[in-house]
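Working notes, structure below.
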Amino acid sequence: METNILHTHQELIEESKAGNHNAQYQLYQLYVDAMYNSSMRIVGIKEDAEDIIQDSFITAFKNLATFRYESTFGSWLKRIVINKSINHVKRKKNNSLALDTYSYQVSEDPTPITIPKPEIN
């Protein structure tokens, strides 16, 4: 048994698929706040969440032709946002090293560091 699901903003989605930038902007305006909140819950850093949201919308609009109304546009977009947010956290975790993994020693007689001056032509 197939159920008909009323797809919110279907006209905007179809216009966006056709390349209408105004329709894309309207979709962006409708979903940006909710998607930002979802990303912020995962990454916790405002600037990172903003970057993830921009990247997520770019990805969504580039791949809009693959959206087949098997779910709502909002849930499809939210899945993109969540995946990008989780991947971002994983990358940050892998790139950071705990300070206690290194041992630091302060020398009694530190050797001065010399930085060469750039040549001016």
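The values are calculated or read from the model by the stated rules, or taken from the named source; none is laboratory data. Just so it is clear, the structure is predicted and the values come from calculations on it, not from any experiment. Counting neighbours? That spans all protein chains shown, and the Cβs are built from the backbone with ideal geometry, glycine included. SASA here: full protein model, heavy atoms, side chains in, ligands and nucleic acids out. Shrake-Rupley method; radii C 1.70, N 1.55, O 1.52, S 1.80 Å.
Here are the numbers for the structure shown:
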quantity	calculated
Qualifying lysines (Cα of each under 22 Å from Cα of Lys93; at least 8 residues distant if same chain)	Lys46, Lys84
Integer Hz, Karplus 6.51/-1.76/1.60 couplings in order for the range 52-65, x for Gly and Pro	5, 5, 4, 5, 5, 5, 4, 4, 4, 5, 5, 10, 4, 5
Area of Arg68 that stays accessible when all protein chains are in place (1.4 Å probe, Å², to 10)	150 Å²
Contact order relative to length of the range 24-95, as percent, for alpha carbon pairs under 8 angstrom and 6 or more apart	41 percent
FRET efficiency estimate (nearest 0.05) - Cβ-Cβ, Glu11 to Lys90, R0 30 angstrom	0.20
Label-point separation in nm, Glu47 to Arg68, each point 7 Å along Cα→Cβ	4.1 nm
